[in-house]
Amino acid sequence: MERRAPKMLVDYAWYQDGIGLIGLVSKVKLPPLNRVVEEYIAGGMVGAIKIDMGAIETDDLEVTLAEPNPSTIKMFGLTNGDEKPFTFRAAYKGAGSQVDKFKVQVYGRVIGLELGDLERKKLTEVPCKITWTQFKMEYNGEVLIDIDLISGKEVIGGVDRRAGINAALGL
């Protein structure tokens, strides 16, 4: 049993195409990961079960910029095959002095920009949506999730969830 106070996000940094936007990103919303399932019930069953359909629903990643950032706006024109790396790095700290490293990297494209209301003497927040084709999550260097939608890669907790499917397809 694990019993302790939770670790807190003490700081983070956002990188796009290898360039850090330190002090320019006020909020990051990582994409939820959901499996595609179908509800199934048949004769003799007391209730429905959810059958895994072997696919993942992809929702967009969202960041809020503190200004209209030219390098981000230029990425709005990227098309399929032109994906760029977007990286969220965070520091989590609990009791004591140990700091845990949390990292999520996606390869994706900017598909939405809200240039917002422009008002004198106020920050101009620019919400930005990023669609992704590759997603990798690490905690203290351990890869927890590694997904590549196009190549059919899905490794969760070190287990290749598509190994059998890919082998059957000759991949």
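Can you tally the net charge around Ala13? Count Lys and Arg as +1, Asp and Glu as -1, for every other residue whose Cβ sits under 13 Å from the Cβ of Ala13.
On the way: positive: Arg89, Lys101, Lys103; negative: Asp11.
After counting each charged neighbour, the total is +2.
So for the range 111-171, what are the equivalent ellipsoid semi-axes in whole Å, largest first, each being the square root of 5 times an eigenvalue of the Cα gyration tensor?
39, 16, 5
Placing +1 at every Lys and Arg Cβ and -1 at every Asp and Glu Cβ, with all other atoms neutral, what dipole size does the range 1-54 have around its Cα centre, in debye to the nearest 20?
Roughly 300 debye for the range 1-54.
Which value, in Å² rounded to 10, gives the accessible area of Glu57 with a 1.4 Å probe and all protein chains present?
Counting only protein heavy atoms, the figure is 90 Å².
Could you pull out every one of the aspartates and glutamates with an alpha carbon less than 13 Å from that of Lys7, ignoring same-chain neighbours closer than 8 positions?
In chain and number order, the partners are Asp100.
When only alpha-carbon atoms count, how far does the range 1-104 stretch along each of its three principal axes, as whole angstroms with the largest first?
So the extents along the principal axes, rounded to whole Å, are 59, 46, 20.
Quick one: net charge around Tyr139, please, counting Lys, Arg +1 and Asp, Glu -1 for every other residue with C-beta under 11 Å from its C-beta.
After counting each charged neighbour, the total is 0.
Determine one quarter of the surface area of the Cα convex hull of the range 54-99, which equals its mean projected area, and express it in nm² to one decimal.
Reported value for the Cα convex hull: 6.6 nm².
Could you state the accessible area per residue of the chain in Å², with a 1.4 Å probe and every protein chain left in place? Working shown, then result.
Details: 11170 Å² over 171 residues.
Ligands and nucleic acids excluded, the figure is 65 Å² per residue.
Please count, across the range 59-165, the pairs of lysine residues with Cα atoms under 12 Å apart that sit 8 or more places apart or on different chains.
4
Would you mind working out the magnitude of the charge dipole of the chain relative to its Cα centre, with +1 at each Lys and Arg C-beta and -1 at each Asp and Glu C-beta, to the nearest 20 Debye?
The calculated dipole for the chain is roughly 540 debye.
Calculate log10 I(q)/I(0) of the range 39-171 for q = 0.14 Å⁻¹, where I(q) comes from the Debye formula with a single equal point scatterer on each Cα and nothing for solvent.
The calculated log intensity ratios at q = 0.14 Å⁻¹ are -0.86.
The values are calculated or read from the model by the stated rules, or taken from the named source; none is laboratory data. Everything numeric in this text was worked out from a predicted model, so none of it was measured. Cβ sites come from the backbone with ideal geometry, for glycine too, and all protein chains shown count toward neighbours. Note: accessible area is taken over every heavy atom of the protein model, side chains too, but ligands, DNA and RNA are not part of it. Shrake-Rupley method; radii C 1.70, N 1.55, O 1.52, S 1.80 Å.
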